[in-house]
Amino acid sequence: MNKKVSVRKTYGETLAEYGKVNPDVVVLVADVSSSVQTGYFAKEFPERFFNVGIAEAGMVDTAVGLALGGMIPFVNTFAGLFLRATEQIRTCVAYAKTNVKLVGGYAGLSDFKDGPTHHSITDVAVMRAMPNMAVVVPGDPIEVKKMVKAVAEYPGPVYLQIGRADMPVIFDDNHQIKIGKGVIVREGEEVTIIANGSMLARCLEAAKVLSNEGTDVRVINMHTVKPLDISLIKESAEKTGAIVTAEEHSVIGGLGSAVAEALGKNYPVPLEQVGIADTFAETALDYDLLLDHYGMGINDIVKAVQRVLRRKNALSHSENLKK
Amino acid sequence: MAYSKELIKELEEKAQQLRLDALEMIHHRGQGHPGGALSAAEIIAALFFHHLRIDPDRPNWENRDRFILSKGHACAILYPALAGLGYFPMEDLKNWGHIGAHLQAHPDRLKTPGIEMTTGFLGHGISIGAGLCLSARLKGLDYHVYVLVGDGECQSGVLWEGVMTAAKYKLSNLTAILDYNKVQLDGPLNKIMPLEPIKEKWESFNWKTIEIDGHNIKEVLEALDKAKENKNKPTVIIAHTIKGKGVSFMENKAEWHGKAPDDNEYAQAVKELTARSF
Ligand SMILES: Cc1ncc(C[n+]2csc(CCOP(=O)(O)OP(=O)(O)O)c2C)c(N)n1
């Protein structure tokens, strides 16, 4: 198993480092600084750090003002709590296209211990629906580290998702990222898994299991849900003829939906989605157990691949009969 | 109003027992929010073991008083009170936060009997309480609605929207109780986002205010009764409390907002809480 690293700590440390090279970066947080680890930045740059108390909606608008004044605000709270500021985000960040960076911490089910109020399974869907908003879900600690700079330098609004958990390291420091470009992590011919966030490591494990069974799987890291790398999706569909998506999010509106939209329009092939079904989860004592319990286990990915391959084979069988 | 010595002593003991139960739950699960649970022990004891007009055998009785734990993270102090009254078995407390258990990390109205409203993200309780009061008025019921809010919670704008609604509609059947423990998640309230002058804030929003020591059972009981007598205005009881009250190393410490004690700390806490005599 790969080494695991706390991504919220990585994020916090990187933000403080990046603050040194970019004096325009300011950081806002709503009384969860110790949770989302903005303390490193606060310590380095107290004058560029603002803890506004439990006031998420106002925090977003304050960040909008800072952006209008020429700063680059990183706005921090729990992913689920950004939903409280949805109208502010829609009107004053997305529509007004202000240079605000929203960082949703404790994403997905990673705050397993605090239960459904604190889980976040709809943030990608909500943010993705907003025009002008980029949506980024990094797949490992290295990617989290690299995204801080990329997000800061990306022109316009970005939603960056960070989990609470420790994530296995997948990439090394040479890993190249570009917002809007998917990454082929493993080549394969028969089926493509498109994943992001914590599901990427699980998909790589699933791909190993499948390869031992003789199934040749391509794995794509789709760290940017928007703007979506449609050409890579289309190319994968053409090449492998079957797609599975995997995300730590509701199957409604997230990565799986984005891929389905792209496939439907460009190159329809059988698609299976791994994610949380249309339901709220529950409190748990363990993160991995909760993911397994709600359909995001390695075994669920394997099964989804087997299902999609059966559909692909059935399709080619009926094509052959027509000939 | 006079309260018998026996009643006061009984409620003091209940409050202390709730603290022990809450810490046992948090220690057992290895997760939870001790600070803001311990600060509310007397308030919860006075409400649930004396003041509220409720009937555990009829959790859906239409004219029952309603209690909303708007600061839902403090549920470790509420769950043992509900269990103690018989809403569900005491043994359930041990399964708090397990997959499949009804007791969620934050209160869930669909899963746990006696929980009136699902909470966990802060700021909702006053507006929801106002809605319940308006509903009572329309249905000709005379129940009273109690909402326990945190002081950090009072920083959220949506809370004040509810405060205005309740004042406009003269919802005298709404009582807010402010657990004024002066510490939030990231540190002392004064440092994160000052609230003072808090009494004047509520008064200027057209609420009645009663200021008490929230760890003094007699003062809590008096305030609850007085609030019910107020007509034409909702009331807020500003209860001065100590975050982590009763456990010396937790008192006034933001570090103990949301972490569980280890075995040694738990043993020490139990020792301190059981040593207190009434
Ligand atoms: C709207 C919202 N923002 C942030 C949080 C995370 N959070 C949980 S408890 C807490 C601090 C609450 O402080 P306070 O209201 O004073 O409660 P108490 O000290 O009584 O525990 C925070 C920020 C939340 N639950 N809801």
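Could you tell me how many of the residues in segment B:84-102 are open to solvent by 10 Å² or more (accessible area, probe 1.4 Å) and either small (Gly, Ala, Ser) or assigned to a helix (DSSP H, G or I) (or both)? Spell out the reasoning first.
Step one: of segment B:84-102, the residues open to solvent by 10 Å² or more (accessible area, probe 1.4 Å) are B:84-95, B:98-102.
From the residues that got through so far, the ones that are either small (Gly, Ala, Ser) or assigned to a helix (DSSP H, G or I) (or both) too are B:84-86, B:90-95, B:100-101.
Of the residues in segment B:84-102, 11 are open to solvent by 10 Å² or more (accessible area, probe 1.4 Å) and either small (Gly, Ala, Ser) or assigned to a helix (DSSP H, G or I) (or both).
Could you please find all residues in segment B:203-232 being in a loop (DSSP other than H, G, I, E, B) and surrounded by fewer than 18 Cβ atoms within 10 Å (Cβ to Cβ)? Listed by number, the residues that qualify are B:205, B:206, B:216, B:230, B:231, B:232. In segment B:51-75, the qualifying residues are those that are open to solvent by 10 Å² or more (accessible area, probe 1.4 Å) and part of a strand (DSSP E or B), and the one that is nearest to the ligand (Cβ to nearest atom) is B:67. Are there any pairs with C-beta distances below 6 angstrom linking a residue in segment A:207-218 that is more than 17 Å from residue A:300 (Cβ to Cβ) to a residue that is in a loop (DSSP other than H, G, I, E, B) and open to solvent by less than 20 Å² (accessible area, probe 1.4 Å), with the two at least 6 apart or on different chains, and if so which? As it stands, the answer is A:216/A:188; A:218/A:188, since those pairs meet every condition given. Given B:178, B:185, which one is within 12 Å of the ligand (Cβ to nearest atom) and outside any loop (DSSP other than H, G, I, E, B)? Checking each option against the conditions leaves just B:178.
Scanning segment A:29-58 for residues that are of a type in the set (Asp, Glu), on the phi < 0 side of the Ramachandran plot and within 15 Å of the ligand (Cβ to nearest atom) turns up just one, A:56.
Conditions tested, residue by residue: (1) at pLDDT below 95; (2) within 16 Å of the ligand (Cβ to nearest atom); (3) surrounded by fewer than 24 Cβ atoms within 10 Å (Cβ to Cβ); (4) not in a helix (DSSP H, G or I).
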| position | (1), (2), (3), (4) |
| --- | --- |
| B:31 | no, yes, yes, yes |
| B:35 | no, yes, no, no |
| B:42 | no, yes, no, no |
| B:49 | no, no, yes, no |
| B:77 | no, yes, no, no |
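Of the set (1) away from chain B (no Cβ under 14 Å); (2) more than 16 Å from the ligand (Cβ to nearest atom), all apply to residue A:107 but (2). Among the residues of segment B:132-141, just one is under 13 Å from residue B:168 (Cβ atoms) and open to solvent by less than 40 Å² (accessible area, probe 1.4 Å), namely B:133. Restricting attention to segment B:125-166, and to residues there that are among the polar types (S, T, N, Q) and within 16 Å of the ligand (Cβ to nearest atom), which single residue is farthest from the other protein chains (Cβ to nearest Cβ)? Taking the candidates together, the pick is B:127.
Hey, can you tell me all the residues within segment A:155-170 that are surrounded by fewer than 20 Cβ atoms within 10 Å (Cβ to Cβ) and under 17 Å from the mean Cα position of the chain (by Cα)? Give the derivation first.
We begin by selecting, within segment A:155-170, every residue surrounded by fewer than 20 Cβ atoms within 10 Å (Cβ to Cβ); these are A:155-156, A:166, A:168-170.
Correct list: A:166, A:168, A:169, A:170.
Set side by side, the residues A:26, A:7, A:21 differ, and just one is open to solvent by 40 Å² or more (accessible area, probe 1.4 Å), away from the ligand (no atom under 16 Å from the Cβ) and either β-branched (Val, Ile, Thr) or in contact with a His (Cβ under 9 Å, 6 or more places away or on another chain) (or both), which is A:21.
The values are calculated or read from the model by the stated rules, or taken from the named source; none is laboratory data. Since this is a predicted model, take the numbers as computed values, not measurements. Cβ sites come from the backbone with ideal geometry, for glycine too, and all protein chains shown count toward neighbours. Side chains are part of the model used for accessible areas, which takes the heavy atoms of the whole protein and leaves out ligands, DNA and RNA. Shrake-Rupley method; radii C 1.70, N 1.55, O 1.52, S 1.80 Å.
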